[in-house]
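Peer 1: Quick one: the structure is below, questions incoming.
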Amino acid sequence: MTETLLTLISAALINNFVLHWPLGVDPLLGSERRQIHALGIATTCLMLIVGILGYALYHWLLVPLQLTSLRLFVFLPLSVLLIAPLLTVLARLFSTLTFEGLWPLLLGNAGVLGVALLNAQEDKGLFHATALSLGAGLGFWLVLSLFQDLRQRTLDNDVPLPFRGLPIDLIGAGLIAVVFLGFSGLIKT
């Protein structure tokens, strides 16, 4: 239980998929202010579902059939085929949030495929795969919220002309990554 909790915290804060490994940066830079929580919920749910199903398919189907080299060809269609039904279910569950236009952002999120590949690489059990997937999704949502707040603050301030837009966004993402480096001493293994 302790190892599962440490995996969840580590995936969310220390080994964040957006800041520590540059997976999922495209949705971070391409999201709109009104859709950050919808994108965070959708990405977390997609990472959780693809992470669990990918682990199950890999360890209970591909490994016994000795087809482990086909894992990418299994995980990629799995993640793509789950996007539309997931957005439909989430739109019904969270009627106050708008999930329109999130399909390309979820499709371009390399973090979803990264979670499935990491779960296949590490054979630590289904609970570890679930904790890693959930932690990665929650970490993405946290970074998305922090980055959107930072983006709003830079819009309200006088930023020099050469730094407006993408340059100040990338500088802000780098500063958030440096802040998250402070969590690296939190868990000692």
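Residues are listed down the side, and each one gets a yes or a no for (1) modelled with pLDDT of 95 or more; (2) surrounded by fewer than 21 Cβ atoms within 10 Å (Cβ to Cβ):
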{"position": "Ala38", "(1), (2)": "no, no"}
{"position": "Cys45", "(1), (2)": "yes, yes"}
{"position": "Leu78", "(1), (2)": "no, yes"}
{"position": "Leu97", "(1), (2)": "no, yes"}
{"position": "Gly111", "(1), (2)": "no, no"}
{"position": "Ala116", "(1), (2)": "no, no"}
{"position": "Glu122", "(1), (2)": "no, yes"}
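Peer 1: Filter segment 80-89 down to the residues that are loosely packed, with under 13 Cβ neighbours inside 10 Å and either in contact (Cβ under 8 Å) with a residue 12 or more places away in the chain or among the small types (Gly, Ala, Ser) (or both) and list them by number.
Peer 2: Correct list: Ala84 only.
Peer 1: If a residue has to be of a type in the set (D, E, K, R), in contact (Cβ under 8 Å) with a residue 24 or more places away in the chain and closer than 14 Å to Ile41 by Cα to count, how many in segment 90-125 make the cut?
Peer 2: Number of matching residues: 0.
Peer 1: What residue, of Asp169, Asp156, Asp123, is within 30 Å of Leu57 (Cβ to Cβ) and among the acidic types (Asp, Glu)?
Peer 2: Unique residue meeting the criteria: Asp123.
Peer 1: Report, by residue number, each residue of segment 77-108 that is of a type outside the set (Gly, Ala, Ser) and not in a helix (DSSP H, G or I). Explain how you work it out, then say what you get.
Peer 2: Restricting attention to segment 77-108, the residues satisfying the condition of being of a type outside the set (Gly, Ala, Ser) are 77-78, 80-83, 85-90, 92-94, 96-100, 102-107.
Residues satisfying the conditions are Leu82, Phe94, Thr96, Leu97, Thr98, Phe99, Glu100, Leu102.
Peer 1: Additional query: Is one or more of the residues making up segment 156-163 of a type outside the set (Gly, Ala, Ser), in a helix (DSSP H, G or I), farther than 30 Å from Val80 by Cβ and modelled with pLDDT under 85?
Peer 2: Taking every residue of segment 156-163 in turn, at least one turns out to be of a type outside the set (Gly, Ala, Ser), in a helix (DSSP H, G or I), farther than 30 Å from Val80 by Cβ and modelled with pLDDT under 85.
The values are calculated or read from the model by the stated rules, or taken from the named source; none is laboratory data. Quantities reported herein were computed from a predicted structural model and do not represent experimental measurements. Using ideal geometry, Cβ is built from the backbone for each residue, glycine included, and neighbour counts are taken over all protein chains shown.
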